[in-house]
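Structure first, commentary second.
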């Protein structure tokens, strides 16, 4: 049985019919076609599926699409594009904080949520905010540096 | 006997003198694909999924070791929306594949040997129906005892896992690799001191974040297949699977887009998904999408070899190591993968023998390694490829020796490390000309660790300790086919296309290769485009493994570009009326050396050459000196150059809970030449983080062949809070055969972590931890045991 | 069989749905436990009742001095609430559960309903002697949290009931709370051993103490034996004494937990006691 939901995706209103058990990550990737949000597990354990719900990071792989009816979702595509690269995305590129890139969209969105709330976070606050975004390629230090650079550039 | 840093610095300055006029190699260039990854526009294989694709699913073995008595797929076949159901009898070609030997079945026929063996495949119009179809397949098994421990599995009376394995030595023993050098028994008889310990290292998971996936598309013209999947060795994927599909290799195309990491695992797991997707695509004549769930990745794909190492070491009281005698038993899991066969393809088994003596010139050595089948996931390549295991043993031995001799651990290393002209236990002469920066690595780590400063040992229940380890690690694979080919092409406007079959999986080779090509040709970095990992577009560059790509493939790129450069300079010499030896190309201009006024844009010279019958494409090729290694006595020259390194750690242990904090972490690696220092730092950091995970928290828990922790919830990998600040030092002692002097760096940083932490624990607590990971549970249990013994 | 998704706007709507579907319904609160079960087909509900839209369940309030958490309040909302600040132990427990994206969705009520033996918030609520108010179409009933758990992942909550609110009794001026858990890694990990403490002191004497243990039995338990040994004694003396007694209420399957439980208990008590010794003024 299909359900009609309506929500804001990267500022644009979306009206769509979904199945009650459809996961948000699948709706974003397959129904709407935005592939920047990744799928690494379906347990909410790794963080690559992170999107922002009303500005706060959530795991789209353990969220039913129906749960976000009426809400605002931001995916990585909503943050910036080739003509308008967001300073956080730029900082990640400049600081060498990107290797295989699979954790990157989730990492960047979580950073956005952090810097929106706290413009100049301490190292401890950054680590806390990113503690649910796992990166297997890196030792995280360049990611930390990128967040700090972004925080300076956004000031 | 110490190392004076200033002396070394003079030497190093001399080495680097002639490398000062590089334009783009050695510079911190931004990754080419980084922006696309940051924007979320980079396309990984799963992003190419289309709605019209069929969804493939596999029913995997219910038991880790069992005979298949009966299988009934009729109810699944009747389900609406199911397009095909396949069992072993439905396969078009050979029911077996593998990088070294085709012993892994696409679909298990009579027997399952581990949880990851497929017993049936389904293709359906959507995922829900495919999953339902799996539920409707009925399989009757006759359960057999499952073997967990290779030490048990190698006994004569152990239940046989492979009845007729084409390559197995005896029973469940796949292979045995031996090394002998000198007179080991005499050395032990005469030794002043003998250190003997049994070490154990666990099975661990690669945990690459991008799941294994394959899109298999039938080719309507050739009747062949296009396989789009994250891979590490596209040409081997093609070669290994062509017989499965009953197709010649020239009708199988393997294309790997940007890959979300592999760390060695995707060399094999790619075959697991491509074989299934491919046979379903051939059967349904439609494009099939097959992705593994995270649980399936844990249970079914390859893992790091677990090892049991008995290490004996003999030394004089002055601290000279005179002999080692090592026995290693490796858990091979259910299939060969990269376990190693007869000569020369001993793979991981061979490395445990080769590195049993560490980075030391030990005159007498005996090492024997057994690779033994169990009912576990097949053990495959994983960053370090047997070296982390071997070094855990030998570097822990060295530390104990230092303590028994009351000698500083670093001083002991310096007494024994290989220097220019020394032989390793596998008999290879280490050469300064190939880059031998071990002493500089050791000196720098010692300095940054403030090693001479006394350590504040105790604060309440917290104790501090320092540990050190050192290593050498070869660049490349010691196999007869080691080498690489690539294509280098000038477009008619002078821009450059390079085609290599290597995979960009986050290590930055796309950027490094662009740098190498641009530097060689004298063109702008932005005017070079490198095409990667498509078997149709480029010849075989070998696997993206073994820390070999920058060096081996980099050299092939230099070769191809040099051919192109020479052709244009040759043509230009006629155009500019000068001797071709007086022509050069720099910054996109062709000119007579010393006469800048003669400069002509490269683009126009190339355009002219094009209409003057000058071919604008070249095949670049490079082979190292032919690798040798005997599986009988372990002697040979397996790799042409070695990375060297040293690791220091300082830890704080909570003796009441067993928790470990890494307070200081210093790693120095000699990489020959850092083509892109950012890439090198990233590899050092990431490799070290993986080493930390292996040392402190990661362990696959198998029980009677069943994996207990098959998700990230129960298999912890390091979070941002678990990795300490790292002091990373790049050392460069150029390899005369490497591109601009480079050697490999992808794996080495994972090698020294565990023993350094273990040695720090020994220093802090006086307790020997010979089994990793050092979880709080293990640490506290050992502390209590030690306290009870000494009270 | 198809599944219907409901987002009731009021509690009575939700209760009517539960009456209709009973065990064929699942309540989705934060979803962090239940959605996985739905995707992996461990449960196959006819109705999904999503309760985050019910305003009265989203309230955090003080009623007669007691702290009341609505049944749909998330961990992040607890962390950010000024009313919760003085319950140090609750904040400590809640702020280390999972990771920030999990805390943005997951809820204390959901944690109770899921009844995992290692659930951090449940352990702390036990130490705080929380009451769980269950609502159904037939009315409300309230139970002490320790009577809710029936076994690992099992509760006494009926199929037509949902958790309306969690009531945490007011802390007296001399009561301080704390929570410590031991994990394998420093973020997003399930506790190996966890301890929640509520300590009431008079000067340096322990007047009352509640010690709750997690991941050490089929469900969170109170270490009554140790509590009795502490009450009436000087805190320091009591701590030294109970360090030697392994709580019989704990029945860990893993033997190494016997080696660390007492240490964690001691540290949790000291953590609470430090607050008391520091002047003891509650923040907020």
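The values are calculated or read from the model by the stated rules, or taken from the named source; none is laboratory data. Bear in mind that the values here come from a model prediction, so they are computed numbers and not experimental data. Note that each Cβ is placed from the backbone with ideal geometry, even for glycine, and that neighbours are counted across all protein chains shown.
Observations on the structure shown:
- Single unsatisfied condition, residue B:284 versus (1) surrounded by fewer than 24 Cβ atoms within 10 Å (Cβ to Cβ); (2) within 25 Å of the chain's Cα centre (by Cα); (3) in the same structural domain as residue B:97 (by TED's automatic domain parsing): (2)
- The set of residues in segment C:1-35 being within 8 Å of chain A (Cβ to nearest Cβ), surrounded by fewer than 21 Cβ atoms within 10 Å (Cβ to Cβ) and outside any loop (DSSP other than H, G, I, E, B) consists of C:4 alone.
- Condition met for residue B:572 (more than 37 Å from the chain's Cα centre (by Cα), buried (at least 23 other Cβ atoms within 10 Å of the Cβ) and more than 30 Å from residue B:231 (Cα to Cα)): yes
- In segment B:242-277, residue farthest from the other protein chains (Cβ to nearest Cβ) [restricted to those that are touching a helix residue (DSSP H, G or I) at 6+ places or on another chain (Cβ under 8 Å) and surrounded by fewer than 24 Cβ atoms within 10 Å (Cβ to Cβ)]: B:248
- Residues in segment B:629-674 that are assigned to a loop (DSSP other than H, G, I, E, B) and within 14 Å of chain A (Cβ to nearest Cβ): B:674 alone.
- Just one of (1) assigned to a loop (DSSP other than H, G, I, E, B); (2) surrounded by 24 or more Cβ atoms within 10 Å (Cβ to Cβ) fails for residue C:170. It is (2).
- Residue list for segment A:58-83, restricted to those being more than 13 Å from the chain's Cα centre (by Cα) and facing chain B (nearest Cβ under 10 Å): A:81, A:82
- Residue A:55 being more than 9 Å from chain B (Cβ to nearest Cβ), surrounded by 20 or more Cβ atoms within 10 Å (Cβ to Cβ) and in contact (Cβ under 8 Å) with a residue 24 or more places away in the chain: no
- When segment A:97-106 is filtered for residues that are out of contact with any strand residue (DSSP E or B) (no Cβ under 8 Å at 6 or more places or on another chain) and either farther than 25 Å from residue C:188 by Cβ or more than 7 Å from every other protein chain (Cβ to nearest Cβ) (or both), only A:97 remains.
- Selection count where residues are within 23 Å of residue B:611 (Cβ to Cβ) and out of contact with any strand residue (DSSP E or B) (no Cβ under 6 Å at 6 or more places or on another chain), scope segment B:585-596: 2
- Looking only at segment B:438-456, and only at residues there that are in a loop (DSSP other than H, G, I, E, B) and in contact (Cβ under 8 Å) with a residue 40 or more places away in the chain, the one that is nearest to the chain's Cα centre (by Cα): B:449
- Residue A:117 falls short on exactly one of the conditions (1) touching a residue at least 24 places away in the same chain (Cβ under 8 Å); (2) within 12 Å of chain C (Cβ to nearest Cβ); (3) surrounded by fewer than 24 Cβ atoms within 10 Å (Cβ to Cβ), and that condition is (1).
- Leading residue by the ranking (surrounded by the fewest Cβ atoms within 10 Å (Cβ to Cβ)) among those in segment B:136-186 that are without any contact (Cβ under 8 Å) to a residue 24 or more places away in the chain and not in a loop (DSSP other than H, G, I, E, B): B:170
- Exclusive hit being on the phi < 0 side of the Ramachandran plot, in contact with a strand residue (DSSP E or B) (Cβ under 7 Å, 6 or more places away or on another chain) and without any contact (Cβ under 8 Å) to a residue 40 or more places away in the chain, set C:68, C:78: C:78
- Within segment B:745-781, tally of residues that are assigned to a helix (DSSP H, G or I), out of contact with any strand residue (DSSP E or B) (no Cβ under 9 Å at 6 or more places or on another chain) and surrounded by fewer than 23 Cβ atoms within 10 Å (Cβ to Cβ): 2
- Residue match in segment B:244-256 (condition: in a helix (DSSP H, G or I) and more than 28 Å from residue B:530 (Cβ to Cβ)): yes
- Note on segment C:263-276: residues that are at the interface with chain B (Cβ under 9 Å from one of its Cβ atoms) and in contact with a helix residue (DSSP H, G or I) (Cβ under 8 Å, 6 or more places away or on another chain) total 1.
- Test for residue A:26: is it more than 23 Å from residue C:187 (Cβ to Cβ) and not in a strand (DSSP E or B): yes
- Qualifying residues in segment B:479-508 (those that are within 14 Å of another protein chain (Cβ to nearest Cβ) and touching a strand residue (DSSP E or B) at 6+ places or on another chain (Cβ under 8 Å)) - the one farthest from residue B:639 (Cα to Cα): B:504
To keep it simple, each residue is scored yes or no on (1) in contact with a strand residue (DSSP E or B) (Cβ under 7 Å, 6 or more places away or on another chain); (2) more than 14 Å from chain A (Cβ to nearest Cβ); (3) under 30 Å from residue B:355 (Cβ atoms).
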{"site": "B:279", "(1), (2), (3)": "yes, yes, no"}
{"site": "B:284", "(1), (2), (3)": "yes, yes, no"}
{"site": "B:287", "(1), (2), (3)": "yes, yes, no"}
{"site": "B:318", "(1), (2), (3)": "no, yes, yes"}
{"site": "B:324", "(1), (2), (3)": "yes, yes, yes"}
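Residue-by-condition table, conditions (1) surrounded by 22 or more Cβ atoms within 10 Å (Cβ to Cβ); (2) over 18 Å from the mean Cα position of the chain (by Cα):
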residue	(1), (2)
B:458	no, yes
B:463	no, yes
B:476	yes, no
B:498	yes, yes
B:506	yes, no
B:511	yes, yes
B:518	yes, yes
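- Looking only at residues of segment A:19-48 that are more than 9 Å from every other protein chain (Cβ to nearest Cβ) and touching a residue at least 40 places away in the same chain (Cβ under 8 Å), we find that the one that is nearest to residue C:39 (Cα to Cα) is A:22.
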